1. Provide the FRET efficiency to the nearest 0.05 for the Thr22-Ala87 pair, computing r from the beta carbons and using R0 = 30 Å.
2. Given (i) 13.5; (ii) 11.1; (iii) 6.7, which label gives mean projected area of the Cα convex hull in nm² as computed from the coordinates?
3. What's the FRET efficiency of Arg15 with Arg56 using the Cβ-Cβ distance as r and R₀ = 41 Å, to the nearest 0.05?
4. Provide the FRET efficiency to the nearest 0.05 for the Lys97-Ala77 pair, computing r from the beta carbons and using R0 = 30 Å.
5. Could you grab the relative contact order for the chain? Cα pairs under 8 Å, six or more apart, rounded to a whole percent.
6. If packing is taken as the mean number of other Cβ atoms within 10 Å per residue, what is the order of 47-60, 21-34, highest first?
7. For the chain, find the longest principal axis of its Cα atoms and tell me its angle to the long axis of helix 11-49, 0 to 90°, nearest 10.
8. Do any of Lys43/Lys86; Lys26/Lys101; Lys43/Lys99; Lys43/Lys79; Lys26/Lys97; Lys31/Lys109 go past 19 Å between their Cα atoms, and which?
Amino acid sequence: MSSGGKETLSEQELRLRANQYTSELKMLAGKVGELELELNEHKLVIDTIADVDKSRKCFRLVNGVLIERTAGEVLPALKTNQDGIKATIDQLTAQHKAKEKEFIDFQQKHHIRIASSG
């Protein structure tokens, strides 16, 4: 680093950092996508069992083990899980936005343009 607080990086280092940013952004976006699918599955199940008799037999897969419960027991757990998934999606989305801003700042600081591959 120079005395002006400005980093001087080689082209290879810049390319490496840019690739790290894009990898992190893709990973965060992928995880958000996975969680959104899981959230949709929870919503579907909640909507399906919300109107059934609460004493009706219900099976739930927990850590690879099928457990027999009642719809009344499963519904609150599903809603809790759904809330947790929503919170995690919100956190990951915020991380993605922050990382994206950081990447844009990095690109502007080092005058980098990313070529599209399509």
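1. Numbers: r = 26 Å, r/R0 = 0.87.
Efficiency, from the Cβ-Cβ distance: 0.70.
2. Recomputing mean projected area of the Cα convex hull in nm² here gives the entry labelled (ii).
3. Values: r = 58 Å, r/R0 = 1.43.
Efficiency at R0 = 41 Å is approximately 0.10.
4. 0.45
5. Working: 73 pairs, mean separation 33.9, N = 118.
Once normalised by length, the contact order is 29 percent.
6. Details: 47-60: 11.7, 21-34: 14.1.
Descending mean neighbour count gives 21-34, 47-60.
7. 10
8. Numbers: Lys43/Lys86 11 Å; Lys26/Lys101 14 Å; Lys43/Lys99 29 Å; Lys43/Lys79 9 Å; Lys26/Lys97 12 Å; Lys31/Lys109 28 Å.
Violating the 19 Å Cα-Cα cut-off are Lys43/Lys99; Lys31/Lys109.
Any read-out appearing in this document is the output of simple, stated calculations on the displayed coordinates, not a laboratory observation. A quick note: this is a predicted structure, and the numbers were derived from the prediction, not measured. Here Cβ is always computed from backbone atoms with ideal geometry, including for glycine, and neighbour counts include all displayed protein chains.
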